[in-house]
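First comes the structure, then the notes that go with it.
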Amino acid sequence: MKDKARTTRILAITGTVLVGLPLAFMLITSAVVSIMSGIFRMDYFIPAELFLLVALGAVLLFWAALRSRLYLKPLIWIIGVGLVALIGSQGIAMATGLASGEREAAGFWFVFVIIIYALYVVGVIILFILGVRLSRALLKAKTSTEIPAI
């Protein structure tokens, strides 16, 4: 039982770090570039560009949640909404010509795509927060039998 609890903790912590890396990278590069240029700049597409890290982290968090039976439903919902938002924003951008440059990046469709993409970024942030909460709950429990039910 002790190995199961340790493995679950490692899965949760590793998953949380992987989900948080794209967010941290986005904030760090934004701060550095903004200081160097004197103008606020942020590449808000970094969480999508580093999707493989987010996806791997989400899988590890899901696995830890499945093993511990903590935060399972919220994780499933957030992962699902995030995937739909990311795929949806890219699909709409391709279908409307925004992705290829056929259509100018302005107007209703541009705003619509950005709003849907923002749902993905918010989903990554919530996934990171859930990962932190899951990791803290698992670290507080001394054994897998002491893991609290939610």
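The values are calculated or read from the model by the stated rules, or taken from the named source; none is laboratory data. Please read these numbers as outputs of a predicted model, since none were measured by experiment. As a convention, Cβ positions derive from the backbone with ideal geometry for all residues, glycine included, and neighbour counts pool all protein chains shown. Protein only, heavy atoms only, side chains kept; ligands, DNA and RNA dropped before computing areas. Shrake-Rupley method; radii C 1.70, N 1.55, O 1.52, S 1.80 Å.
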- Consider Gly131 against the criteria (1) surrounded by 14 or more Cβ atoms within 10 Å (Cβ to Cβ); (2) at pLDDT below 90; (3) within 23 Å of Leu18 (Cα to Cα): it satisfies all of them except one. Which criterion is unmet? (2)
- Name every residue in region 85-107 that is part of a loop (DSSP other than H, G, I, E, B) and either small (Gly, Ala, Ser) or modelled with pLDDT of 90 or more (or both), in order of residue number. Gly97, Ala99, Ser100, Gly101, Ala105, Ala106, Gly107
- Query: Which ones in region 55-77 are in a loop (DSSP other than H, G, I, E, B) and open to solvent by 70 Å² or more (accessible area, probe 1.4 Å)?
  - Reply: Arg69
- Check Gly20, Gly38, Gly80, Gly88 and return the single one that is of a type outside the set (Lys, Arg) and on the phi > 0 side of the Ramachandran plot. Gly38
- Task: With respect to Leu52, determine if the residue is within 20 Å of Leu130 (Cα to Cα), modelled with pLDDT of 90 or more, open to solvent by 70 Å² or more (accessible area, probe 1.4 Å) and under 12 Å from the mean Cα position of the chain (by Cα).
- Result: yes
- Task: Taking Thr29 as the residue in question, decide whether it is open to solvent by less than 60 Å² (accessible area, probe 1.4 Å), closer than 16 Å to Leu130 by Cα, out of contact with any strand residue (DSSP E or B) (no Cβ under 7 Å at 6 or more places or on another chain) and assigned to a helix (DSSP H, G or I).
- Result: no
